[in-house]
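The structure under discussion appears below in the form of structure tokens.
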Amino acid sequence: MSIESIIAAGNKAHLTKAEIKNRKKQEEELNKLKSDKIKAPSWLGKDAKNIFKKIVKELDVIGLLCNVDVHGLTVLSDSIEKFKFCTIALHGEDLSIEYTNKAGFANMIENPMVKTQLKYAEMIKKYSADFGLSPVARLKIVQQSMPDIDDDELEFEGMFNNV
């Protein structure tokens, strides 16, 4: 959360004036990063461009993105599009296929499209976490934005729990 949001919500984190000043300074540094060229590259596929635009629209609300994020968003959007392609290609296909080796023997092997699909799933998982697109990743972002509570405060909260 931005420092302005924390203050507007009543400073429930009980930040000191020094902590507020420090957070404002950090946010000013982050605001120096430009966000005027967040556009999907022309070489992306149609579906990937739509995915890119949807993610940008959703993340624009929290003001998290800047121009340097375009490359990561591009990889994420392209991976989602290709994962979708693999998934559709696997509909009606067998997950195992017959493979004839050089000696002429037939073996059953995993459909290569499954391996490709799993590779894209891993890329999606990694980049989604980088952009806070999973519940766990969002929780980490929130936890990092909250100040640490020292042992005395935890003990105090334990003794008077919501009084």
Across (1) surrounded by 12 or more Cβ atoms within 10 Å (Cβ to Cβ); (2) closer than 30 Å to residue 132 by Cβ; (3) of a type outside the set (Phe, Trp, Tyr), residue 88 clears everything bar (1)
Is it fair to say residue 80 is farther than 20 Å from residue 45 by Cβ, of a type in the set (Val, Ile, Thr) and surrounded by 12 or more Cβ atoms within 10 Å (Cβ to Cβ)?
-> no
Looking at (1) modelled with pLDDT under 95; (2) in a helix (DSSP H, G or I), which is the only condition residue 78 fails?
-> (1)
Can you work out which of the residues in segment 35-66 that are in contact with a Ser or Thr (Cβ under 6 Å, 6 or more places away or on another chain) and surrounded by fewer than 18 Cβ atoms within 10 Å (Cβ to Cβ) is farthest from residue 133 (Cα to Cα)?
-> 41
Do you know which residues across segment 25-75 are at pLDDT below 80, part of a helix (DSSP H, G or I) and basic (Lys, Arg)?
-> none
What single numbered condition from (1) of a type outside the set (Phe, Trp, Tyr); (2) surrounded by 15 or more Cβ atoms within 10 Å (Cβ to Cβ); (3) free of Cβ contacts under 8 Å to residues at least 60 places away in the same chain fails to hold for residue 15?
-> (3)
Counted residues in segment 94-123 being without any contact (Cβ under 8 Å) to a residue 24 or more places away in the chain, hydrophobic (A, V, I, L, M, F, W, C) and not in a loop (DSSP other than H, G, I, E, B) come to 5
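The values are calculated or read from the model by the stated rules, or taken from the named source; none is laboratory data. For clarity, every value in this text was computed on a predicted model and none was experimentally measured. All Cβ positions, even for glycine, are placed from backbone atoms using ideal geometry, and neighbour counts span all protein chains on display.
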